[in-house]
Structures are given as C-alpha cells and as structure tokens.
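Right, one structure below, let's go through it.
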Amino acid sequence: MLVPAMVAAAGERAAFRFIDFFTANIRNPNTRAAYAVAVRGFFGWLDQREIRELGAIRTHHVSAYIETLTRSYKAPTVKQHLAAIRNAVRLVDRRPGGRAEPGRRGARSQARRQKKGKTPVLDGDEAKKLIDSIDVSTIVGLRDRALIALLIYSFARISRPCT
C-alpha cells in the first residue's frame with residue numbers, strides 16, 4: 001500500500017496509522033481493496049486542488065468530493081467511499097484540542113432509495129414446485145429438501161396474520 005504524499009508529509013506516525021488502517025483494521029480483502037480505491041481517489045482529488053496538508057482538509061472538501069461521486073456512482077458506492085474516507089482520515093489525522101476531523105460530521109452521501117417493496121412470498125404452488133424440484137436421491141438432497149421445507153413452513157407461519 002502506497003502512502004499518499006500528504007500522509008507521508010504529516011510524519012512517520014501518520015504514515016504508520018495509514019498503513020495500519022488498511023492492514024490491521026480491515027480484515028476483508030475485498031473491503032480493503034475497495035477502501036484503498038476510495039481513499040486513493042480522495043487524496044488524488046485533493047492533490048488536484050492543491051490541498052497538500054492533512055490539517056487543511058475540511059468537511060466541505062469531503063462534501064464536495066462526495067458530491068462529485070454522486071454524479072458517477074450509485075448510492076451504495078458513494079456511501080462506501082464516504083465510510084473509507086471518514087475512517088482513514090479519522091485515524092491518520094488525530095488533531096490536538098478535540099477538533100472534529102473532516103468527514104466525521106457534515107458530509108453525507110445521498111439517501112439510498114429502495115425501489116421494491118416487501119420481500120416476495122412464495123404461494124403454495126410455488127413452494128410445492130420448489131420442494132419437488134430438489135433431487136432426493138442423495139442424502140444431501142434430502143437434507144436440502146428438509147431445510148427448505150422447514151424454512152418455507154416457518155416463514156408461512158410468521159407471515160400468517162393472527163386472528
């Protein structure tokens with residue numbers, strides 16, 4: 001993981017915390033890679049605007065960057081970028097005097113709107129078709145059929161209104 005010039009200029013402790021954020025704090029390799037892309041993009045965006053010190057980053061910088069992302073990406077991606085930026089900057093830029101770190105408050109991503117309503121429920125014919133489609137000639141098939149039947153029955157009981 002390459003340390004951005006801005007973080008390296010902040011000193012050895014900041015560089016160590018930056019590397020530590022990606023290696024020790026994020027266990028999932030896919031999340032680590034996605035956060036690295038997000039943080040690298042943010043620091044590149046700052047560099048293009050000639051903001052070259054960690055202390056110069058303000059909430060409005062994070063907000064402006066997030067606003068540019070909303071033009072190209074969907075809400076979940078923007079939220080992931082914002083989470084990566086908040087966490088990375090919070091760990092790297094520990095400011096004296098209790099000042100709030102940029103990205104900690106104020107910067108928000110767009111709201112995610114769900115397009116579909118409730119989870120679809122299987123009707124009796126669909127449930128029967130699903131159960132009948134499972135191959136029961138093996139022990140695995142029997143197990144799967146039993147588990148799916150149990151799930152279907154449980155959900156049917158939960159979704160049934162009490163009278």
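Pairs of Cα atoms nearer than 8 Å and 6+ residues apart set the relative contact order; for segment 5-98 it is 42 percent. With the simple spin-label model, which puts each label point 7 Å out from Cα in the Cβ direction, the residue 8 to residue 45 separation comes to 2.3 nm.
Counting only residues at least eight positions apart within a chain, or on another chain, the aspartates and glutamates with an alpha carbon under 15 Å from that of residue 79 are 67. Ranked by the mean number of other Cβ atoms within 10 Å of their residues, highest first, the peptides 35-45, 128-138, 15-25 fall in the order 35-45, 15-25, 128-138.
The numbers here are math on the coordinates, done by the rules we state, and not lab data. What you see is a predicted model; the values in this text were computed from it and never measured. We place every Cβ from the backbone using ideal geometry, glycine too, and count neighbours over all the protein chains shown.
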